[in-house]
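The values are calculated or read from the model by the stated rules, or taken from the named source; none is laboratory data. Computed from a predicted model, the values in this text were never measured in an experiment. All Cβ positions, glycine included, derive from the backbone under ideal geometry; neighbour counts span all protein chains shown.
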Amino acid sequence: MTSDERDDRLMRANQANWDARTPVHLASRFYGLDGDPDPSRWFAPWEWRDLGDVAGRDVLHLQCHLGTETIAFARRGARAVGLDFSAASVAAASGVAARAGVDVDYVRANVYDAVEALGGRRFDVVYTGKGALCYLPDLDRWADVVARLLRPGGLLYVVEFHPLLNALGPKPGPGEGPELLLRHDYLGGAGPVHRDATHTYTDGPAVEGATDSYEWTHGIGEVLDALTAAGLTVRSLRESDELPWPRWPQMVRTPSGWWRLPEPRIPLLYGLLAAR
(Lines give C-alpha, C1' and ligand atoms only; values in the text may rest on other atoms or scores of the structure.)
Protein backbone atom coordinates (compact mmCIF):
# COMPACT_ATOMS: atom_id res chain seq x y z
CA MET A 1 0.00 0.00 0.00
CA THR A 2 1.36 3.43 -0.95
CA SER A 3 1.34 6.34 1.48
CA ASP A 4 -1.41 8.03 -0.57
CA GLU A 5 -3.55 4.89 -0.40
CA ARG A 6 -2.95 4.69 3.34
CA ASP A 7 -3.90 8.33 3.84
CA ASP A 8 -7.09 7.88 1.79
CA ARG A 9 -8.03 4.89 3.94
CA LEU A 10 -7.40 6.81 7.17
CA MET A 11 -9.37 9.82 5.95
CA ARG A 12 -12.31 7.52 5.14
CA ALA A 13 -12.08 6.21 8.71
CA ASN A 14 -12.15 9.80 9.98
CA GLN A 15 -15.16 10.54 7.79
CA ALA A 16 -17.03 7.58 9.29
CA ASN A 17 -16.05 8.73 12.77
CA TRP A 18 -17.35 12.27 12.19
CA ASP A 19 -20.59 10.84 10.82
CA ALA A 20 -20.89 8.90 14.08
CA ARG A 21 -19.91 11.91 16.21
CA THR A 22 -22.55 14.19 14.71
CA PRO A 23 -25.63 13.04 16.67
CA VAL A 24 -23.63 13.15 19.91
CA HIS A 25 -22.47 16.70 19.16
CA LEU A 26 -25.94 17.85 18.15
CA ALA A 27 -27.28 16.83 21.55
CA SER A 28 -24.29 18.14 23.48
CA ARG A 29 -24.37 21.13 25.82
CA PHE A 30 -20.94 22.01 24.38
CA TYR A 31 -22.52 23.48 21.22
CA GLY A 32 -25.74 24.65 22.88
CA LEU A 33 -27.84 23.88 19.83
CA ASP A 34 -31.05 23.44 21.79
CA GLY A 35 -31.41 27.23 21.57
CA ASP A 36 -29.58 29.96 19.67
CA PRO A 37 -26.22 28.50 18.55
CA ASP A 38 -24.53 31.80 19.55
CA PRO A 39 -21.74 31.52 16.98
CA SER A 40 -20.01 34.65 18.29
CA ARG A 41 -18.65 32.72 21.27
CA TRP A 42 -16.37 30.69 19.00
CA PHE A 43 -14.53 33.80 17.77
CA ALA A 44 -11.89 35.83 19.56
CA PRO A 45 -12.31 39.60 19.10
CA TRP A 46 -9.00 39.75 17.24
CA GLU A 47 -10.33 37.43 14.55
CA TRP A 48 -12.83 40.04 13.36
CA ARG A 49 -10.20 42.76 13.55
CA ASP A 50 -7.89 40.71 11.33
CA LEU A 51 -10.61 39.87 8.81
CA GLY A 52 -12.35 43.23 8.67
CA ASP A 53 -15.87 43.70 7.33
CA VAL A 54 -17.18 40.56 5.61
CA ALA A 55 -20.56 41.99 4.58
CA GLY A 56 -21.26 41.32 0.91
CA ARG A 57 -18.22 39.04 0.56
CA ASP A 58 -18.11 35.41 -0.52
CA VAL A 59 -16.81 33.39 2.45
CA LEU A 60 -15.99 29.67 2.43
CA HIS A 61 -15.63 27.77 5.71
CA LEU A 62 -13.62 24.60 5.14
CA GLN A 63 -14.15 21.57 7.41
CA CYS A 64 -17.15 23.29 8.96
CA HIS A 65 -18.68 20.34 10.91
CA LEU A 66 -21.96 21.71 12.42
CA GLY A 67 -21.43 25.12 10.83
CA THR A 68 -21.61 27.23 13.97
CA GLU A 69 -18.83 29.55 12.77
CA THR A 70 -20.29 29.56 9.26
CA ILE A 71 -23.49 31.04 10.73
CA ALA A 72 -21.45 33.86 12.26
CA PHE A 73 -20.25 34.91 8.80
CA ALA A 74 -23.78 34.83 7.42
CA ARG A 75 -25.04 36.96 10.30
CA ARG A 76 -22.38 39.52 9.48
CA GLY A 77 -23.68 39.81 5.94
CA ALA A 78 -21.40 37.41 4.08
CA ARG A 79 -22.52 35.02 1.37
CA ALA A 80 -21.44 32.01 3.41
CA VAL A 81 -20.67 28.48 2.23
CA GLY A 82 -19.67 25.59 4.49
CA LEU A 83 -17.87 22.45 3.29
CA ASP A 84 -17.32 19.20 5.17
CA PHE A 85 -16.61 15.59 4.26
CA SER A 86 -19.20 14.20 6.69
CA ALA A 87 -22.65 13.77 5.18
CA ALA A 88 -24.16 13.67 8.67
CA SER A 89 -22.44 16.94 9.61
CA VAL A 90 -23.60 18.71 6.44
CA ALA A 91 -27.19 17.59 7.00
CA ALA A 92 -27.04 18.69 10.65
CA ALA A 93 -25.43 22.04 9.77
CA SER A 94 -28.18 22.75 7.23
CA GLY A 95 -30.78 22.14 9.94
CA VAL A 96 -28.96 24.32 12.46
CA ALA A 97 -28.73 27.21 9.97
CA ALA A 98 -32.41 26.86 9.03
CA ARG A 99 -33.47 27.01 12.68
CA ALA A 100 -31.23 30.05 13.19
CA GLY A 101 -32.90 31.75 10.22
CA VAL A 102 -29.72 32.32 8.23
CA ASP A 103 -28.95 31.54 4.61
CA VAL A 104 -25.93 29.25 4.30
CA ASP A 105 -25.06 26.82 1.51
CA TYR A 106 -23.47 23.56 2.64
CA VAL A 107 -21.51 21.21 0.41
CA ARG A 108 -20.38 17.69 1.23
CA ALA A 109 -16.85 17.04 -0.03
CA ASN A 110 -13.37 16.13 1.07
CA VAL A 111 -11.37 19.35 1.39
CA TYR A 112 -8.95 18.07 -1.27
CA ASP A 113 -11.87 17.86 -3.71
CA ALA A 114 -13.28 21.29 -2.84
CA VAL A 115 -12.42 23.02 -6.13
CA GLU A 116 -14.35 20.47 -8.19
CA ALA A 117 -17.17 20.13 -5.63
CA LEU A 118 -17.74 23.90 -5.70
CA GLY A 119 -17.74 24.03 -9.50
CA GLY A 120 -14.67 26.25 -9.71
CA ARG A 121 -16.30 29.00 -7.65
CA ARG A 122 -13.86 31.45 -6.04
CA PHE A 123 -14.10 33.28 -2.74
CA ASP A 124 -13.01 36.50 -1.07
CA VAL A 125 -12.27 34.69 2.21
CA VAL A 126 -11.46 31.09 3.06
CA TYR A 127 -11.70 30.38 6.79
CA THR A 128 -10.64 27.22 8.60
CA GLY A 129 -9.31 25.95 11.88
CA LYS A 130 -9.93 25.19 15.55
CA GLY A 131 -9.23 21.51 15.07
CA ALA A 132 -9.24 21.11 11.29
CA LEU A 133 -5.68 20.85 9.98
CA CYS A 134 -4.87 17.85 12.17
CA TYR A 135 -7.19 15.75 9.99
CA LEU A 136 -5.26 16.55 6.80
CA PRO A 137 -2.24 14.40 5.94
CA ASP A 138 -0.86 16.65 3.17
CA LEU A 139 -0.62 20.41 3.80
CA ASP A 140 1.05 21.17 0.46
CA ARG A 141 -1.98 19.73 -1.33
CA TRP A 142 -4.31 21.63 1.02
CA ALA A 143 -2.53 24.94 0.38
CA ASP A 144 -2.77 24.41 -3.38
CA VAL A 145 -6.53 23.85 -3.05
CA VAL A 146 -6.89 27.02 -0.96
CA ALA A 147 -4.98 29.06 -3.55
CA ARG A 148 -7.30 27.80 -6.29
CA LEU A 149 -10.38 28.65 -4.20
CA LEU A 150 -9.35 32.27 -3.61
CA ARG A 151 -9.90 35.18 -5.95
CA PRO A 152 -6.85 37.37 -6.61
CA GLY A 153 -6.41 39.41 -3.46
CA GLY A 154 -8.56 36.97 -1.48
CA LEU A 155 -7.72 36.08 2.10
CA LEU A 156 -7.10 32.81 3.88
CA TYR A 157 -7.60 32.92 7.63
CA VAL A 158 -6.44 29.94 9.68
CA VAL A 159 -7.31 30.06 13.38
CA GLU A 160 -5.95 26.85 14.75
CA PHE A 161 -4.91 25.18 17.97
CA HIS A 162 -1.26 25.89 18.60
CA PRO A 163 1.12 22.93 18.19
CA LEU A 164 2.26 23.54 21.76
CA LEU A 165 -1.29 22.95 23.01
CA ASN A 166 -1.41 19.61 21.22
CA ALA A 167 2.01 18.65 22.60
CA LEU A 168 0.92 19.11 26.22
CA GLY A 169 -0.72 16.46 28.37
CA PRO A 170 -1.29 15.68 32.04
CA LYS A 171 1.34 13.80 33.99
CA PRO A 172 0.53 10.09 33.62
CA GLY A 173 0.04 7.66 36.43
CA PRO A 174 -2.06 7.44 39.58
CA GLY A 175 -2.89 10.60 41.44
CA GLU A 176 -2.16 12.87 38.49
CA GLY A 177 -2.38 16.52 39.39
CA PRO A 178 -2.74 19.73 37.39
CA GLU A 179 0.84 19.61 36.11
CA LEU A 180 1.11 19.52 32.30
CA LEU A 181 4.06 17.96 30.51
CA LEU A 182 5.36 17.91 26.96
CA ARG A 183 4.09 14.43 26.09
CA HIS A 184 3.42 14.57 22.35
CA ASP A 185 5.27 15.70 19.22
CA TYR A 186 5.35 19.44 18.53
CA LEU A 187 6.63 18.98 14.98
CA GLY A 188 5.05 16.83 12.30
CA GLY A 189 6.60 14.18 10.11
CA ALA A 190 6.14 11.19 12.38
CA GLY A 191 3.04 9.97 10.55
CA PRO A 192 -0.57 9.64 11.65
CA VAL A 193 -1.54 9.17 15.28
CA HIS A 194 -4.35 6.73 16.00
CA ARG A 195 -6.85 7.84 18.64
CA ASP A 196 -9.82 6.13 20.21
CA ALA A 197 -12.71 8.56 19.60
CA THR A 198 -15.31 6.63 21.57
CA HIS A 199 -15.63 9.84 23.61
CA THR A 200 -14.99 13.20 21.91
CA TYR A 201 -14.31 16.69 23.24
CA THR A 202 -18.00 17.27 24.07
CA ASP A 203 -20.16 15.94 26.87
CA GLY A 204 -22.74 13.26 26.22
CA PRO A 205 -22.81 9.55 25.49
CA ALA A 206 -20.21 7.44 23.76
CA VAL A 207 -19.94 7.49 19.98
CA GLU A 208 -21.56 4.44 18.46
CA GLY A 209 -20.02 2.61 15.53
CA ALA A 210 -16.89 4.07 13.95
CA THR A 211 -14.59 5.14 16.80
CA ASP A 212 -11.20 5.10 15.08
CA SER A 213 -9.72 8.55 14.47
CA TYR A 214 -6.40 9.54 12.89
CA GLU A 215 -4.61 12.86 13.28
CA TRP A 216 -1.48 14.40 11.77
CA THR A 217 0.74 16.88 13.63
CA HIS A 218 1.64 20.07 11.74
CA GLY A 219 4.04 22.64 13.14
CA ILE A 220 3.53 26.31 12.31
CA GLY A 221 6.62 26.24 10.08
CA GLU A 222 5.04 23.48 7.99
CA VAL A 223 1.87 25.54 7.57
CA LEU A 224 3.85 28.63 6.55
CA ASP A 225 6.00 26.69 4.09
CA ALA A 226 2.95 25.10 2.44
CA LEU A 227 1.18 28.43 1.99
CA THR A 228 4.17 30.31 0.61
CA ALA A 229 4.95 27.43 -1.79
CA ALA A 230 1.37 27.74 -3.08
CA GLY A 231 1.96 31.43 -3.85
CA LEU A 232 0.19 32.98 -0.86
CA THR A 233 1.68 35.91 1.05
CA VAL A 234 1.53 35.76 4.84
CA ARG A 235 0.26 39.06 6.20
CA SER A 236 0.19 38.35 9.92
CA LEU A 237 0.69 35.64 12.50
CA ARG A 238 -0.52 36.05 16.05
CA GLU A 239 -0.43 33.74 19.06
CA SER A 240 -3.00 33.73 21.85
CA ASP A 241 -3.00 32.21 25.32
CA GLU A 242 -6.80 31.77 25.36
CA LEU A 243 -9.20 29.03 24.23
CA PRO A 244 -12.98 29.21 23.76
CA TRP A 245 -13.51 26.35 26.24
CA PRO A 246 -11.62 24.95 29.26
CA ARG A 247 -9.42 22.21 27.83
CA TRP A 248 -8.10 21.35 31.31
CA PRO A 249 -9.78 21.74 34.72
CA GLN A 250 -7.17 24.19 36.02
CA MET A 251 -7.93 26.78 33.33
CA VAL A 252 -9.39 30.10 34.48
CA ARG A 253 -11.97 32.38 32.88
CA THR A 254 -10.68 35.58 31.28
CA PRO A 255 -12.42 38.96 30.87
CA SER A 256 -13.18 37.98 27.26
CA GLY A 257 -15.16 34.96 28.47
CA TRP A 258 -12.56 32.53 27.15
CA TRP A 259 -10.10 30.41 29.16
CA ARG A 260 -6.36 30.35 29.85
CA LEU A 261 -3.90 28.45 31.99
CA PRO A 262 -3.14 30.31 35.24
CA GLU A 263 0.60 29.93 34.61
CA PRO A 264 2.76 30.05 32.65
CA ARG A 265 1.47 32.15 29.77
CA ILE A 266 1.94 30.01 26.67
CA PRO A 267 0.33 30.07 23.20
CA LEU A 268 -2.72 27.84 22.86
CA LEU A 269 -4.18 29.23 19.63
CA TYR A 270 -2.76 31.01 16.60
CA GLY A 271 -4.26 33.13 13.84
CA LEU A 272 -2.58 33.22 10.43
CA LEU A 273 -3.74 35.62 7.73
CA ALA A 274 -2.51 35.10 4.17
CA ALA A 275 -3.43 36.62 0.82
CA ARG A 276 -3.46 35.33 -2.74
Which ones in the stretch 13-50 are charged (D, E, K, R) and under 18 Å from the mean Cα position of the chain (by Cα)?
-> Asp19, Arg21, Asp38, Arg41, Glu47, Asp50
Which numbered condition Ala27 misses (of (1) surrounded by fewer than 17 Cβ atoms within 10 Å (Cβ to Cβ); (2) in contact (Cβ under 8 Å) with a residue 12 or more places away in the chain; (3) closer than 23 Å to Glu160 by Cβ) | (3)
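Quick check on the stretch 150-162. Is at least one of its residues assigned to a loop (DSSP other than H, G, I, E, B) and surrounded by fewer than 13 Cβ atoms within 10 Å (Cβ to Cβ)?
no
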Are any of the residues in the stretch 95-109 over 17 Å from the mean Cα position of the chain (by Cα), among the basic types (Lys, Arg) and at pLDDT 95 or above?
-> no
Scanning the stretch 190-244 residue by residue, those among the hydroxyl-bearing types (Ser, Thr, Tyr), modelled with pLDDT under 95, over 21 Å from Leu268 (Cα atoms) and surrounded by fewer than 17 Cβ atoms within 10 Å (Cβ to Cβ) turn out to be Thr198
Inspect the stretch 39-51 for any residue being out of contact with any Leu (no Cβ under 8 Å at 6 or more places or on another chain), in a loop (DSSP other than H, G, I, E, B) and small (Gly, Ala, Ser) and give the result as yes or no.
-> no
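With respect to Gly56, determine if the residue is within 29 Å of Ala210 (Cβ to Cβ) and outside any helix (DSSP H, G or I).
When the stated conditions are applied, Gly56 does not pass them.
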Candidate set: the stretch 115-136, residues that are aliphatic (A, V, I, L, M) and part of a strand (DSSP E or B); chosen: the one nearest to Trp216 (Cα to Cα) | Val126
Which listed residue, of Asp103, Asp38, Asp53, Asp34, is surrounded by fewer than 17 Cβ atoms within 10 Å (Cβ to Cβ) and touching a Ser or Thr at 6+ places or on another chain (Cβ under 9 Å) | Asp38
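I'd like to check something: does the stretch 228-251 contain any residue that is closer than 30 Å to Thr2 by Cα, of a type in the set (Lys, Arg) and in contact (Cβ under 8 Å) with a residue 12 or more places away in the chain?
Looking for residues that are closer than 30 Å to Thr2 by Cα, of a type in the set (Lys, Arg) and in contact (Cβ under 8 Å) with a residue 12 or more places away in the chain, one finds none in the stretch 228-251, hence no.
Which ones in the stretch 111-137 are closer than 24 Å to Ala190 by Cα and buried (at least 17 other Cβ atoms within 10 Å of the Cβ)?
So the first thing to find is which residues in the stretch 111-137 are closer than 24 Å to Ala190 by Cα, and the list is 111-112, 128-137.
Of everything in the stretch 111-137, those that are closer than 24 Å to Ala190 by Cα and buried (at least 17 other Cβ atoms within 10 Å of the Cβ) turn out to be Val111, Tyr112, Thr128, Gly129, Lys130, Ala132, Leu133, Cys134, Tyr135, Leu136, Pro137.
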Lone qualifier among Val90, Val81 - being out of contact with any helix residue (DSSP H, G or I) (no Cβ under 7 Å at 6 or more places or on another chain), part of a helix (DSSP H, G or I) and on the phi < 0 side of the Ramachandran plot | Val90
Can you tell me which of Arg195, Arg276, Arg253 is out of contact with any Pro (no Cβ under 9 Å at 6 or more places or on another chain), closer than 28 Å to Tyr127 by Cβ and charged (D, E, K, R)?
-> Arg195
